[in-house]
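The values are calculated or read from the model by the stated rules, or taken from the named source; none is laboratory data. Everything numeric here is computed off the predicted structure, so don't read it as measured data. In this analysis, Cβ positions are derived from the backbone assuming ideal geometry, glycine residues included, and neighbour counts consider all displayed protein chains. SASA here: full protein model, heavy atoms, side chains in, ligands and nucleic acids out. Shrake-Rupley method; radii C 1.70, N 1.55, O 1.52, S 1.80 Å.
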Amino acid sequence: MRDIRSMTFPELQEVVEQMGEKSFKAGQIFDWLHKKTVSGYDRMTNVSKALREKLAGEYPLYELETVQVQTSKIDGTKKFLFRLQDGHVIESVWMQYQHGNSVCISSQVGCRMGCRFCASTIGGLTRNLTAAEMLLQIYRIQNLTKERVSNVVVMGTGEPFDNYGELLKFLHILTDERGLHISQRNITVSTCGIVPRIYELADEKLQITLAISLHAPNDEKRKALMPVASRYSIRELLAACRYYFEQTGRRLTFEYSLVSGNNDSQQDADELAEKIKGLNCHVNLIPVNPIRERSFVQSDKKDVEKFKNKLEKYGINVTIRREMGRDIDGACGQLRKSYLDQN
Ligand code: SAH
């Protein structure tokens, strides 16, 4: 069955018209679903009872069930574990920054990309999330915290480009002025680098930020960390990034998780800089979050600084990711993983 919350505005209009209703009704329903983010049709007071009942029969609404909330005592970051209608659990993170509140959402239940350092991929992929399930993570968090969300990052569990169709719908609904109307510039989608999808998204000409999980300065090292690197070379990946910039004018972000003795030497920094210099980009260094199942060790603080300084010598813009919620199951997928291990 099609999910009414996963319908873009034109799709909803079509459904409403097929029900023999005036098309302006679609605007009212969209407003209740995506701006007021109500959880039931009974709240839609300007929609006739007959239509509400018809909608409820054909397109039942459901909510995410909150299983667990962890709040950081250090910075107020909250981690949410939600249960989906079919019983699977996903996690989302809420972070407060000076410029506003940001939510990090999951795009899949599990992940099949197999990155060696990541907890989210250990159990493989269970299924894709629908656009509605991606949206509901944000709606639910906004309702629970009573705080407006201004930024969204698709950086939780899952590979968004492995769920491309639903991702696009999600982006269209989230940025629709009739819905939450999150600014495109305040949305970041992070990918391990599925090259054909980068070209496709570029052609959409949206103003969202694309973050690429690079994590290594050459193909050999990248292949050892990320299986996807065996499918697409760094050269192909960077060509796609250049195209993304040409089409959208958006500066790219490269994520680079620093693993001690693996990808954090001065030679690694030189090699990385040689590859990306000249590209309009920004590098976000993330000292790798050690996970129980693997033996990766976080780089020393001084090595992180040295790596940063080296890139900066090439004129590359670099930040070190501020770790949020260190005292709660911080790294990607760890809350969900520890829940699954216990249950
Ligand atoms: N699949 C997407 C988005 C989810 S992962 C992607 O690969 O980009 C979000 C980011 O966290 C990615 O850059 C990922 O490589 C990184 N990441 C995952 N586990 C990590 C860990 N244990 N320590 C540091 N970064 C990690």
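Worth pointing out:
- Amide H contacts of S190 (H built 1.01 Å from N, under 5 Å, at least 5 apart or other chain): V154, A211
- Largest first, the extents of the alpha carbon coordinates of segment 260-343 on the three principal axes equal 49, 25, 20 Å.
- Here the Kirkwood formula puts the hydrodynamic radius of segment 92-241 at 15.9 Å, using every distinct Cα pair.
- Size of charge dipole - the chain - debye, nearest 20, with Cβ of Lys, Arg +1 and Asp, Glu -1, no other charges: 560 debye
- In segment 166-297, the portion of solvent-accessible area held by carbon and sulfur atoms comes to 44 percent [1.4 Å probe, whole percent, DNA, RNA and ligands not counted].
- Sequentially through segment 236-251, phi angles give Karplus couplings (6.51, -1.76, 1.60; θ = phi - 60°) of 5, 4, 5, 5, 5, 5, 4, 4, 4, 5, 4, 6, 10, x, 8, 5 Hz, Gly and Pro residues having no value and appearing as x.
- For G325, distant residues with modelled amide H under 5 Å away: D75, T77
- Evaluating 6.51 cos²θ - 1.76 cosθ + 1.60 at θ = phi - 60° for every residue in segment 74-80, the Karplus couplings come out as 7, 9, x, 4, 10, 10, 10 Hz, glycine and proline recorded as x.
- Sites D327 and R2, calculated FRET efficiency, Cβ-Cβ separation with R0 25 Å, nearest 0.05: 0.05
- Cα Rg, Dmax (largest Cα-Cα span) when computed across segment 284-327, Å: 12.2, 37
- Volume per residue of the convex hull around the Cα atoms, evaluated for segment 200-326, comes out as 119 Å³.
- Residues E147 and N309, FRET efficiency given R0 of 56 Å [Cβ-Cβ distance, rounded to 0.05]: 0.95
- Space enclosed by the convex hull of the alpha-carbon atoms of segment 1-122, per residue, Å³: 169 Å³
- q = 0.14 Å⁻¹: log10 I(q)/I(0) that the Debye formula gives for the chain, counting C-alpha atoms only: -1.15
- In this structure the amide hydrogen of L258, modeled in the peptide plane, comes within under 5 Å of the amide hydrogens of I286, V288, none closer than 5 places in sequence on its chain.
- Springs join every pair of Cα atoms under 10 Å in this Gaussian network model of the chain, and among K35, K308, K22 the largest mean-square fluctuation is at K22.
- The phi torsions of segment 140-154, fed into the Karplus equation with coefficients 6.51, -1.76 and 1.60 and a -60° offset, translate into couplings of 5, 5, 5, 5, 6, 8, 6, 10, 5, 8, 10, 10, 10, 10, 8 Hz, rounded to whole numbers, with Gly and Pro shown as x.
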